[in-house]
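Worksheet: one structure, shown below.
Here, each number is a calculation from the coordinates, and none is a lab measurement. Computed from a predicted model, the values in this text were never measured in an experiment. Here the Cβ positions follow ideal geometry from the backbone for every residue, glycine too, while neighbour counts run over all protein chains shown.
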Amino acid sequence: MSTIESPTQQDTQASAPALPDAPVALLRLDDGLRIVAANRTARDLLGLEDTALPVPAAGPLWGLQRGDLADGAGVWAAPGDDPARRLRYQADGEGWIASLPHAETATLLREAAGMAAGGGAVTHPLLAPLAQRLAGAEQPRELLAAVNEALARCDLALQLPPAQAASEAGRRLAAGFGNLAEAVRQAVALSVQLAADVPKVVGENDELAAQTRAQAEALEQVLAATSRLRQDLDDVRGELEQVRAAAVRADEDARRGGEAARALAAAMRQVEERAARAGEVIEVIDSVAFQTNILSINAGIEAAHAGEAGRGFAVVASEIRRLAERAASAARDVRAIVGGTVEALGESAESARHTGEMLAGIGQSLQGAGAAMESVARRIASQGEEVLAIDRAVEQVVELGHSNLQHAAHVAELSEALGQGVATLHDCVGLFRLPPDPMQVPRHARVRELAEAGARRIGMALAAAVAEGRIGAEALFSREYKQIPGIDPPKYRTPFDALCDRILPPLQEPVANAEPWIVFAISANPDGYVPTHNQRYCQPLTGDREKDLVGNRTKRIFGDRVGRSVGAHTDPYRLQVYRRDTGQIMFDLSVPVYVDGRHWGGFRIGYSLE
């Protein structure tokens, strides 16, 4: 190999080592950063064919300066957009040996830079495969750009060109946007419902607060009344004690009066007996007076017969007769007096006896009255205790009423905050633009069609079973559940699940297998109870909860948000998105099932958009 140098170069560079004439452009730079030698390839590349060396490197080497080169070795790239303007250098003790990119390498660098910038034609064969791969990657970039633009606008109604929509990435993006759109749609519906319910809650809370306030005032009046009643009962009890004491004293006086009346009656009887004996004595006196009178009469007659001799005896007889008459008259008077006295004593004795009996009766009455008053006193005391208990209870109710008022005020504050939060939520979800009609999504429309047809067939089959007597209407609509022991998650038997095991599989399985993206198609009653699941989810029980949770889902009550609503609503259809208990993001479209016009439950289809 040789180098071609002019005579001047040979004179000036006689001491510089020659550079090989190779396809690679080689340069020698001295310590002053001058080009002192260059092979033919370097001369052609830098346009130095007729230039005498040495020349400053800053001219042909794109403004290279001394400070751009390190002491050892490295690569220096010139400022600007041309990636081929670069040199590799290495210090050799007297300066540097530098090499420039080969023309083919320069083309490769320029085309690679153009590809990185997103434009430019590719001619180098080494870059052709990469260019093809980049061309294939252009579509995902466009898809990503469309998604970024939609998200920047909060536009969830993603519309992709048919070519992009048919790709796997497009399908997955469409499914993700569909899931998000329906979730936001549910949030919008919830915010609207909450916004409508919050004023009702506030109104009912205000009404409750007013009623509680009125109740508290009434209870305070009741409390005051019970306090007065308790005081009145205490006063009545004191008065009853006084009356009972007076009754006790009256009873004692009545007993003493009865004893006195009995003593008086006894005394009267003795006087009556003595008066009777006095009458006997008077009878004797009256008889003696009568006999004396007879004797005096006889003596007078005898004196008259005696003549003058009997005159004195006659006078005596006459006096004796007058004395006898007076004695008889006095005896008659005494007899009358004694008779009246005896009669009066008899009446007095009878009266004393009656008085004693009456006093005895009064005593018994007073004893009964005392016992009754004592019983009343005890009852009043008991009522006083009950009133006191009522008083304490009313005090507690009054305290609860005041506490309820405080809670009502707190609820009012929370309701106001909730209203503001609902408004904020509605405003936030209102940022998103949603698809105007979910049924414009082909899968949603297809599932609705399948669900409505399936719900009609299931309702007709259940109605036919009732008409044929295979089950009673009350049994079909029963809400009684008997847990099957020893199974986790829990399963239940109902009066209608055996019938459903016979009727539902021929109606549900064709729907579940109608599309590959349908996960299940089942019926549920208003409580979320699924009597008969699809066959793919009726695998034999293993005892492993995690396996049975997925593999055997029949005869379970699904109490999640969606499970509670699919059989309870009567909307024409209800579309919901949720995370299944298996972790899978699912769409659920449910249609009500009617049996002879009576709402039995719902037919639900679970599916995904991917």
query: Sorted by average packing, counted as other Cβ atoms within 10 angstrom per residue and highest first, what order do 442-453, 281-292 take?
result: 442-453, 281-292
- request: For region 28-34, take each phi angle, set θ = phi - 60°, evaluate the Karplus expression 6.51 cos²θ - 1.76 cosθ + 1.60, and give the result in whole Hz per residue in order, putting x for glycine and proline.
  value: 10, 10, 7, 5, x, 6, 10
- prompt: Given charges of +1 on the Cβ of Lys and Arg and -1 on the Cβ of Asp and Glu, with all other atoms neutral, how large is the dipole of region 438-607 about its Cα centre, in debye to the nearest 20?
  reply: 160 debye
task: Excluding residue 41 itself, calculate the net charge of residues whose Cβ lies under 13 Å from the Cβ of residue 41, where each Lys or Arg counts +1 and each Asp or Glu counts -1.
output: -2
message: Could you derive backbone 3J(HN,Hα) for region 457-473 from the dihedral phi with the Karplus parameters 6.51, -1.76 and 1.60 (θ = phi - 60°), listing whole Hz in sequence and x where the residue is Gly or Pro?
response: 5, 5, x, 5, 5, 5, 5, 5, 4, 5, 4, 7, x, 6, 7, x, 4
- prompt: Taking a ≥ b ≥ c as the square roots of the eigenvalues of the Cα gyration tensor of region 481-551, is the shape rounded (a/c under 1.5), prolate (a/b larger than b/c) or oblate?
  reply: oblate
field: Rounded FRET efficiency, nearest 0.05, which uses the C-beta distance separating residue 225 from residue 378 and R0 of 30 Å
entry: 0.80
- prompt: Ranked by Cβ crowding within 10 angstrom, fewest neighbours first, how are 46, 29, 323, 504 ordered?
  reply: 323, 46, 504, 29
query: Counting other C-beta atoms within 10 Å, which of 500, 538 has the fewest, and how do the rest follow?
result: 538, 500
message: Please list, in order along region 487-497, the HN-Hα scalar couplings obtained from phi with the Karplus expression 6.51 cos²θ - 1.76 cosθ + 1.60 (θ = phi - 60°), rounded to whole Hz, x for Gly and Pro.
response: 10, 9, x, x, 10, 9, 9, 9, x, 10, 5
- prompt: Using the Cβ atoms and a cut-off under 11 Å, what net charge is assigned to the surroundings of residue 293, where Lys and Arg are +1 and Asp and Glu are -1?
  reply: +1
message: Under 27 Å between alpha carbons, and skipping anything fewer than 8 positions from residue 547 in its own chain: which lysines qualify?
response: 482, 491, 555
task: Among 87, 219, 208, rank each residue by its count of other Cβ atoms within 10 Å, from fewest to most, as a rough exposure measure.
output: 208, 219, 87
- prompt: Could you list log10 I(q)/I(0) for region 7-117 at q = 0.11, 0.15, 0.18, 0.20 Å⁻¹, which the Debye formula gives when each Cα is one point scatterer?
  reply: -0.34, -0.63, -0.90, -1.09
query: In the neighborhood of residue 484, defined by Cβ-to-Cβ distances under 9 Å, what is the net charge if each Lys or Arg adds +1 and each Asp or Glu adds -1?
result: +4
- request: For region 438-607, list log₁₀ I(q)/I(0) at each q in 0.12, 0.13, 0.19 Å⁻¹, using the Debye formula over Cα point scatterers of equal strength and ignoring solvent, two decimals each.
  value: -0.50, -0.59, -1.30
